[in-house]
Amino acid sequence: MNFKRDDLTKYGLVAILVIAAAVPVLSDSMFLINLLVLMLISIIFASAWNLLAFSGQGSLGHAAFFGIGAYASTMIAVQSGISPFITIFLGAAVAAFIGVLIGLTCVRLKEWFLAMVTFGFAIIVQTLTVSVLAPITGGWDGIASPRLLSPSIPGYQLIEYYAVLIITIASLVAIWYIMKSRIGLAFLAIRENEVEARSAGVDPVRYRLFAFAISAYLAGVAGAIQIHHIGYLTPELYGVDNSFWPITFVILGGLGTLAGPVIGTIVLTVIWEGLKATGLTFGRYVIVGFILILTIIFLPKGLVNLPERIQVWWKGRGRNETGAKPQRE
Amino acid sequence: MMDNLGIFLQIMFWGLYAGCIYILLATGLNLIFGVMKIVNFAHGEFLMIGAYITATIFFLTGINPYVIILLSMLALIGIGAIVERLCFRPILGTGKLNEIFLSIGLIYIFQNGAAMIWGDAWQSVRSPYDGITVPVGSLSVPLDYIIIVAFTAAILFALYFFLKKTTTGMEMRATSQNRKGAMLVGINVERIDIISFGLGCALAAAAGTLWVVSGQVFNPYMGSIPAVKAFAIIILGGLGSIPGAIIGGLLMGIAENSAAYLLGGIWKDAVSFIILIVVLVVRPTGLFGEKGE
């Protein structure tokens, strides 16, 4: 029986979805629910970064958009009293707007320059937050952020979990739609060969900006949800760490695929939490570093490519035994 | 009026001194980029390792920290060669993004590995010449600053002669000009890759030693910001251009110290990136770069 990779991905995602929806029924551990909420947020964040990378732009400063979404959403919620469920999307729009601005400086730049500019941008935003904007952002101390739901509501954690799950699924569907549409094709064309894409009538600047806007928007959504979930925000959101996590998730799962960020985030979160039990602190990061490097060298297409690799290996093994060419479907 | 001039000169000196560390880092990056055409975002981690090696030897033996510069450079040649062989060579030519991602893995490993060995607290070392100042014109300059500038100049001259006069240096230049051509005339480019990477790391180690002996604090996470500034410098100065790296490093040192004085210390890091972004918007190939790579 032959699975096509697309089918496998689709069934895999649906299976993950069913499990995700069923978890609260199976377990009433609040620790687990909390962990899953943070994991879903990471999935949105990693998918957002992945979409930008899909268009050939590797950002090293996505924490900037994550943080801007969080700060903007909190500010709007505090000032106007609107429910955080709505301000999440307003704050993310601010992140998208700034994403377009930074995208404008980046669209004509090559990989390294773009990486540099985005990395520097996160530092600039952090500096602004703790200096000029300190009166409204609270500087290094941060400020309290309204919770998504008041803890007085019975079962608020479950409601929050399902709400975040729905937002995650909606984000993934949106990204899937973009990747499969003409826009996704245009992203691919630009990534592979910009000159050829241009000669085929694809305007790279427009598409890259679009990728920046959507990616920054989703990163902003992720940041806003996380901050309303935790209830507190500090400028450490803009830290290098926060920029590197989505990259690690995506590389491990599979760059430029829909399922990659999801699988990468789940696998790495499990490893990360598992290592917590061993009592390692810095060692955990060292292990993540090794995982990242080994993945890049030995499994450049990530974990989503693993079934295919095994299949090829399996077929190759068959050929050696019988001396015949492996049968193609 | 005299006051303003004094402050101006003071800032220039700080800039010159900060610039020295950036120049060494940026020159190392340029050397690696020139030969291998890769960009190692983890370059600052080699500065950090150099700093810790210097501090550890100094704490253990108490010998003059300026002498340790040779040891830390030698150690980093070895570490650099291992990193090149195990990490960068397997992915050479598989795409620019892969190099960036691999560097992130290296950053994780080096920073947290160092934190496991040495702890993550801020530390500092007292230079034997601490407190000694030399009068230069109207202001007094710490002797350490002058030694650091002299060391940087000496290292750059040594590098210049190595590249111009020795066979290996010429092979490195040939490889950087045309890799295939270098292979055709019988140069072992993989050997040249390892040497360049090791030398680049050694320059970072020298920067780390100078960082430590000047009395600046250091911790395992210190390397990222100077490394990214070194990137900004080689982009300003043109990729692969060593004179560009020197001029860019000095400009960066002076610019950020002026900003720290005028706007407050918090702006020190951000201002270099603002300069970088402005330059890239106006001139995407860098200030002195002939063409972007």
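Before moving on, here are some points about what is shown:
- Scan of region A:92-120 for residues that are within 7 Å of another protein chain (Cβ to nearest Cβ) and touching a helix residue (DSSP H, G or I) at 6+ places or on another chain (Cβ under 7 Å), ordered by number: A:Thr105, A:Leu109, A:Glu111, A:Trp112, A:Phe113, A:Ala115, A:Met116, A:Val117, A:Phe119, A:Gly120
- Checklist (1) at the interface with chain A (Cβ under 10 Å from one of its Cβ atoms); (2) more than 20 Å from the chain's Cα centre (by Cα) applied to B:Ile57, failing item: (1)
- Any chance B:Ala121 is at pLDDT 90 or above and among the small types (Gly, Ala, Ser): no
- Residue, surrounded by the most Cβ atoms within 10 Å (Cβ to Cβ), within region B:113-152, restricted to residues that are within 14 Å of another protein chain (Cβ to nearest Cβ) and part of a loop (DSSP other than H, G, I, E, B): B:Asp120
Here is a yes/no grid of residues against (1) under 14 Å from B:Gly44 (Cβ atoms); (2) in contact with a Cys (Cβ under 7 Å, 6 or more places away or on another chain); (3) facing another protein chain (nearest Cβ under 9 Å):
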position	(1), (2), (3)
B:Ser224	yes, no, yes
B:Ile235	no, no, yes
B:Ile242	no, no, no
B:Leu251	no, no, no
B:Ala255	no, no, no
B:Leu262	no, no, no
B:Trp267	no, no, yes
B:Phe273	no, no, yes
B:Val282	no, no, no
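- A single entry from B:Leu60, B:Leu47 fulfils the requirement of being part of a helix (DSSP H, G or I) and either of a type in the set (S, T, N, Q) or under 29 Å from B:Ile104 (Cα atoms) (or both): B:Leu47.
- Filter result (of a type in the set (Gly, Ala, Ser) and either closer than 22 Å to A:Val240 by Cα or within 13 Å of chain A (Cβ to nearest Cβ) (or both)) within region B:24-49: B:Ala26, B:Ala42, B:Gly44
- Note on region A:271-325: among residues that are outside any helix (DSSP H, G or I) and within 14 Å of another protein chain (Cβ to nearest Cβ), the one that is modelled with the lowest pLDDT is A:Gly279.
- Contact map, region A:228-244: first residue under 15 Å from A:Ala144 (Cβ atoms), second residue surrounded by fewer than 21 Cβ atoms within 10 Å (Cβ to Cβ) and among the basic types (Lys, Arg), Cβ cut-off under 7 Å, separation 6 or more or different chains; pairs are A:His228/A:Arg147; A:Gly231/A:Arg147.
- Single match in A:Ala70, A:Ala63 (criterion: closer than 25 Å to A:Val125 by Cα, in contact with a strand residue (DSSP E or B) (Cβ under 6 Å, 6 or more places away or on another chain) and crowded, with 24+ Cβ neighbours inside 10 Å): A:Ala70
- Pair list, Cβ under 6 Å, 6 or more apart: region A:156-167 residue without any contact (Cβ under 8 Å) to a residue 60 or more places away in the chain, other residue of a type in the set (D, E, K, R) and crowded, with 17+ Cβ neighbours inside 10 Å: none
- Scoring A:Ile169 on the criteria (1) at positive phi; (2) at pLDDT 90 or above leaves a single failure, condition (1).
- With respect to (1) touching a Ser or Thr at 6+ places or on another chain (Cβ under 9 Å); (2) more than 10 Å from B:Leu203 (Cβ to Cβ), the lone exception for B:Ile23 is condition (2).
- Filter pass, B:Leu86 being part of a helix (DSSP H, G or I) and touching a Ser or Thr at 6+ places or on another chain (Cβ under 8 Å): no
- Number of positions in region B:200-224 that are within 15 Å of B:Ala18 (Cβ to Cβ) and either over 14 Å from the mean Cα position of the chain (by Cα) or at pLDDT below 85 (or both): 6
- Region A:145-159, residues that are exposed (fewer than 13 other Cβ atoms within 10 Å of the Cβ) and hydrophobic (A, V, I, L, M, F, W, C): A:Ile153
- Single residue of region A:219-259 satisfying the filter (within 14 Å of chain B (Cβ to nearest Cβ) and polar (S, T, N, Q)) that is nearest to A:Tyr285 (Cα to Cα): A:Thr248
- Test: residue in region A:173-189 that is crowded, with 20+ Cβ neighbours inside 10 Å, at pLDDT 85 or above and closer than 25 Å to A:Gly231 by Cα: no
- Wholly within region B:156-239, helices (runs of 4 or more DSSP H) carrying at least 3 residues that are over 20 Å from B:Leu76 (Cβ atoms): B:167-177, B:179-184, B:224-237
The values are calculated or read from the model by the stated rules, or taken from the named source; none is laboratory data. Source: prediction; values computed, not measured. Note that each Cβ is placed from the backbone with ideal geometry, even for glycine, and that neighbours are counted across all protein chains shown.
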